[in-house]
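Report on the following structure.
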Amino acid sequence: MDKKDVFLPRPIHTVLERNKNYLSWSQAMHSFLKSRMLWHYCTGAMTIPVKGASEEDVVFLSRMIEWDSHNHMILTWIRNTFIPSISNLLGSFDDAKSAWNMLTKRYSTTHGSMKYQLVVELHQLRQEPGQSINDYYDQLRFIWDQIDLSDPTWACSKDALQYASIRDEFRLYEFLMSLHKDFEPIRGQLLNCNPAPSLDTVVNELVREEARLATLQAQNKLNVLAITPSTPLIEQPQQFGDFSGSSDRRKQTNKKFYNYCKRPGHTIKTCYRRNKSTAAVANTEPTPPTVSTSQSSGSTINLSSTELQEIIAQAVRMAGNASLSTALFVLPCKSQTWLFDSACCNHMTPHSSLFSNLGPAPHPLNIHIADGSTMHGNSLGFVSISTLSVPGVFHVPALSYNLCSVGQLVELGYRLIFYYSGCIVQDPRTGQELGTGPRVGRMFPVNNLHLPPVAPVSVAAAAAAVSSLPSLALWHSRLGHAPSSRVQQLVSRGLLGSVSKDNFDCTSCQLGKQPVLPFNNSESISKSIFELIHSDVWGPSPVASIGGSRYFVVFIDDYSRYSWIFPMKSRSEILSIYSNFAKMVETQFSKRIKTFRSDNALEYTQHAFQALLNSYGTIHHLTCPGTSQQNGRAERKLRHILDTVRALLLFAKIPAPFWGEASLHVVHAINRIPSVVIHNQTPYERLFGSPPNYHHLRSFGSACFVLLQPHEHNKLEPRSRLCCFLGYGETQKGYRCYDPVSHRLRVSRNVVFWEHRLFVELSHFRSSLTNSSVLEIFPDESLVPSTNTFDPHLDFSPDIFDASPRQVADEQINNELPHFEPGSPAPALPEDPPQDIPPRHSTRVRSIPPHLLDYHCYTALATLHEPQTYREASTDPL
């Protein structure tokens, strides 16, 4: 028989209770129907059979019966997994698809009140004490699944993934927020992880931590239960003495424990509380009735196993598991561990084997315990072991622990320093460290302690001995406030005699000598391009560039070390420059600048620039005031650029106003030079993913010949012009060359280079072949246009380093730079007589219009008198 024909009264255990558990019910029913190959009846894929044209009636009837039986089997299963009020709703449905669609429409959507109830329940949910991580996570997951029913359907898969990522992050915080306080340490570690772990990872970590805590708690229970109730977990020193004075008979009786009175060492027959017979107790219990009376009076706390477990659980949460477990292990009697004790008046130990010499004490020691009992110590000696050398120690056989008296050490003049991690014993006269000890819980055991065998001195004598010695502070002052390390060297060599090594602080040295703290070398590199951009502004330049710029700003990508440079006439231009730069990054690389790092210059901190960064979602990192080292990568890049610019100008013997062109040329070359910081890759390759092309590079300042346009010369004049190579076109595929005749920058691809010759070496070449006057190759630097000497009425060329690229056609010639001041004579060659610079005319070839070809009036016009003033021209035009 087919498994889908086997009928089960209730196929799943989940019972639908309307919206409360529709999601879990639908998932269970969906899985069950798929396992029986009946799910297509609910989706409508298995429609009601239709009789074929040639199909026999018997075959069609068989198919109809099969479809109807499977359909009603599904309806029966659905009804049987409902509460009665919902089952009545399916009475009018004859097919599974209609019934399933009705249930989905009614219960799968979450209305406002239900969603509000789920959110309230989610925020009120807390992990109960003793509840496992998996049970608590299942509760949260059930509520989250109910809330997910109201999530929108995303048309874009990218938006759906982004929404799911944000939703999972918030669910991670909800999960951690509601954890029990026992998981506070692991919760802090998970929140400090960068990047934040996923929810599944957090659940797995907490499950492992839960298992570790359970194992640790079980170990703590075993350790505590191994200690009898009379063990001094919270007892006074009296119980240490009683416990340590046990005999073989006591060890045997300790195995007995009677639950009626919660006391060890006897049975029901000899219980003095039950039988009211102290005689019976005296026969079986070595402890006298006075001890039991003191125990019941409150000086000793005897606890049951359950109470001990509760105290331990609370102590674990307050003091930490490791500290408490370690402290509990040292509690058994007759321990070899030494403890610092501020309540005992002398050093004492119950172990006679620790003494190197032991004799009778001059005065017997009577030790009074808090419960009123007394211990006696009649022997005094010197304890000498590998970790301890202490004189003046009393032998007290009834004691449970080795105690090191804090009061006796202080009386001898020693300094004891207690802090969070442990304790230090120090000789204040020499500064020598005599002993140390860690902190275990709230106790301070002794790791090592070696005291010189001297007789105890009084506090006054010790203070007087210390005060009589010159201090380090005094020698520091005598030596002209020398560094403390140098004074310590003199003391260690014995040149200053006996010195009290008290710590001191010199306020005057701190105020007068405090240096700049060292900067750590940062070797971190971003993980992707434009994750971090460094920036800095250089200027003002002592000489304006040929375009009038006195500043430039540089942007460096931290990942690729690729640099962008933009000359500026004023610092205020950085706002528009960065705006265009950010748009270029977003358009060309489909990236956004995540972090922008700069100094505290005004152009970076102005409100408009901050608003621009905020509009892109960029985080702004600023340096501390007066700490430009924190922007070190941008500072070092500026130094690299300026050093290379100076070298280029000096090598090519080019005047300083051309520093702008040189800086563009330098950055173009730096971006194509391998760097050790980025594993010997070039910034260009790191940014664009492919190695750069080096075949177009030329030597800065070399001589070159630029082909002239046809309208710039006639058939008998030179076809090219000697120019000085300055750089590469930013928006054109050509070379930027300076024309000394027209004082222009030409951008052309038709350039022939003489890289073996500098431009200045051909300075004897003149433009005498042209109709223009003879000019110097480079103008005098004193006559180079500057922002102070520009004539405001002249129409100057735009800045050739404008931050926004200009669309210029190939072979474009920039406007002519301004000439010298009016009335100043132009420099002349020695062999030529001085002459004025004629006005510049257009080089366009002129021709006579066709309708004037028959007229010949040149001679007549040449004989006319040329007017010299406006009055002459207006009164006598001819």
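For region 162-210: of the residues being outside any helix (DSSP H, G or I) and not aliphatic (A, V, I, L, M), which is farthest from the chain's Cα centre (by Cα)?
For region 162-210, the residue satisfying everything is 180.
Tell me yes or no: at least one residue of region 43-51 is modelled with pLDDT of 80 or more, outside the structural domain of residue 174 (by TED's automatic domain parsing), farther than 19 Å from residue 147 by Cα and buried (at least 17 other Cβ atoms within 10 Å of the Cβ).
Yes: one or more hits.
Within region 368-383, restricting attention to residues that are touching a Ser or Thr at 6+ places or on another chain (Cβ under 7 Å) and at pLDDT 85 or above, which residue is nearest to residue 336 (Cα to Cα)?
The selected residue is 383.
Restricting to region 648-674, name every residue that is more than 35 Å from the chain's Cα centre (by Cα) and surrounded by fewer than 16 Cβ atoms within 10 Å (Cβ to Cβ).
650, 651, 653, 655
For residue 730, only one of the following conditions fails: (1) under 29 Å from residue 540 (Cα atoms); (2) among the acidic types (Asp, Glu); (3) crowded, with 16+ Cβ neighbours inside 10 Å. What is its number?
(3)
Yes or no: region 364-387 includes at least one residue that is under 53 Å from the mean Cα position of the chain (by Cα), buried (at least 18 other Cβ atoms within 10 Å of the Cβ) and assigned by TED's automatic domain parsing to the domain that holds residue 447.
No, because not a single residue in region 364-387 is under 53 Å from the mean Cα position of the chain (by Cα), buried (at least 18 other Cβ atoms within 10 Å of the Cβ) and assigned by TED's automatic domain parsing to the domain that holds residue 447.
In region 396-435, what residues are crowded, with 17+ Cβ neighbours inside 10 Å, of a type in the set (S, T, N, Q) and either farther than 22 Å from residue 385 by Cβ or touching a strand residue (DSSP E or B) at 6+ places or on another chain (Cβ under 8 Å) (or both)?
Listed by number, the residues that qualify are 402, 405, 408, 426.
For region 733-744: of the residues being surrounded by fewer than 23 Cβ atoms within 10 Å (Cβ to Cβ) and in contact with a Ser or Thr (Cβ under 9 Å, 6 or more places away or on another chain), which is nearest to residue 843 (Cα to Cα)?
That would be 742.
Return the residue satisfying two criteria in turn: it lies in region 534-553 and is in a loop (DSSP other than H, G, I, E, B) and of a type outside the set (Gly, Ala, Ser), and of such residues it is surrounded by the most Cβ atoms within 10 Å (Cβ to Cβ).
This residue is 546.
A quick yes/no check of all residues on (1) aliphatic (A, V, I, L, M); (2) surrounded by 14 or more Cβ atoms within 10 Å (Cβ to Cβ); (3) over 18 Å from residue 740 (Cα atoms):
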{"residue": "676", "(1), (2), (3)": "yes, no, yes"}
{"residue": "679", "(1), (2), (3)": "no, no, yes"}
{"residue": "682", "(1), (2), (3)": "no, yes, yes"}
{"residue": "689", "(1), (2), (3)": "no, no, yes"}
{"residue": "693", "(1), (2), (3)": "no, no, yes"}
{"residue": "696", "(1), (2), (3)": "no, no, yes"}
{"residue": "701", "(1), (2), (3)": "no, yes, no"}
{"residue": "705", "(1), (2), (3)": "no, yes, no"}
{"residue": "711", "(1), (2), (3)": "no, no, yes"}
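In region 462-488, what count of residues is obtained for those that are surrounded by 12 or more Cβ atoms within 10 Å (Cβ to Cβ) and either touching a Phe, Trp or Tyr at 6+ places or on another chain (Cβ under 8 Å) or modelled with pLDDT of 85 or more (or both)?
15
The values are calculated or read from the model by the stated rules, or taken from the named source; none is laboratory data. Just so you know, these numbers come straight off a predicted model, no measurement behind them. Cβ coordinates were reconstructed from backbone atoms using ideal geometry, including for glycine residues, and neighbour counts include every protein chain displayed.
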